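To keep things clear, I will list the structure first and then write my remarks on it.
The values are calculated or read from the model by the stated rules, or taken from the named source; none is laboratory data. It should be emphasised that the depicted structure is a prediction, and the values quoted were computed from it without experimental measurement. Ideal geometry is used to build each Cβ from the backbone, glycine not excepted, and the neighbour counts take in all protein chains shown. Heads up: the accessible areas ignore ligands, DNA and RNA and are worked out on the full protein's heavy atoms, side chains in. Shrake-Rupley method; radii C 1.70, N 1.55, O 1.52, S 1.80 Å.
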Amino acid sequence: METILILISGVASSPSNVSFTADTTTHLTLYWSPPTENINCIVKYIVKINDQQIETTVTFLSVPNLSIGSVYNITVYSQNSDNRNGSISELLMVTWKVPLPVSGLSWNISEIDGIIVIWEHEEDASRPLTQQFLISHNISEPWNTTTMNSSIILTGIKRGNTYVINVSAVNILGESLPQEIEAIIKEVSTTMNQISSTTSTTITTSSTFVFSSMSQETNTIPQ
């Protein structure tokens, strides 16, 4: 009598490392790593995006027709040749929105005619990646500039002027709400006996920098 051995394995483990990249304003690509347990006979993956299910045989998926402002809840699981579903991946939430605004916006004198603007930014992993920061100001041309850092030096300040600086975070969908700060550069006059070689003529009070209008062979700022 011939003996037939039938092996019944458990369901496949869940896909892992589910992530996405934003390709355009209406399109993203999903990626995931395959299961590591009970992977025999996996024939396809099923991707659930909100109430929609999409089947694929590879470990990535292009997703079109996205709407700015929408939230997409995404899970992935495998299916074998017996139509048995594997374990479901962890939930990936995609928030199809512009970045969160910057915070902690501040400024300080960086050099004779420049200021350094500093900010903080919290990256929301559910949103498309922040690509750069947009800085708009009325100091000198160009009036708009960009950086990938969380600070920038702007030159061309003049005493007696007030400058308005706006900073916003930008991703592929657009820019966040701008955050604004005002830099007031005041000019005051002083007398000779108010200046010494051991006293700086730059006085800091809140967000106001006061410069002496006199030029001495001390720590003054030249005209």
Residue pairs meeting the criteria (Cβ under 6 Å; at least 6 apart or on separate chains; first under 16 Å from D113 (Cβ atoms), in the range 152-172; second surrounded by 13 or more Cβ atoms within 10 Å (Cβ to Cβ) and of a type in the set (S, T, Y)): I153/S110; G156/S140
Within the range 111-171, strands (runs of 3 or more DSSP E) holding 2 or more residues that are β-branched (V, I, T) and under 27 Å from V98 (Cα atoms): 114-120, 144-147, 151-155, 162-171
Out of all the residues in the range 40-51, which are open to solvent by 40 Å² or more (accessible area, probe 1.4 Å) and over 17 Å from T26 (Cα atoms)? N40, C41, I42, V43, K44, K48, D51
Assess whether N38 counts as being at positive phi and modelled with pLDDT of 95 or more. no
Of the residues in the range 147-183 that are farther than 18 Å from G104 by Cα and β-branched (V, I, T), the one that is nearest to the chain's Cα centre (by Cα) is I172
Name the single residue, out of those in the range 135-166 being open to solvent by 40 Å² or more (accessible area, probe 1.4 Å) and aliphatic (A, V, I, L, M), that is nearest to F20 (Cα to Cα). M148
Look through S67, S89, S81, S103 and report the one residue that is exposed (fewer than 13 other Cβ atoms within 10 Å of the Cβ), in contact with a strand residue (DSSP E or B) (Cβ under 6 Å, 6 or more places away or on another chain) and more than 26 Å from V167 (Cβ to Cβ). S81
With the requirement that a residue be part of a strand (DSSP E or B) and closer than 25 Å to M93 by Cα, what does the range 35-55 give you? K44, Y45, I46, V47, K48, I49, Q52, Q53, I54, E55
Confirm whether V58 is of a type in the set (V, I, T), touching a strand residue (DSSP E or B) at 6+ places or on another chain (Cβ under 9 Å) and touching a residue at least 24 places away in the same chain (Cβ under 8 Å). no
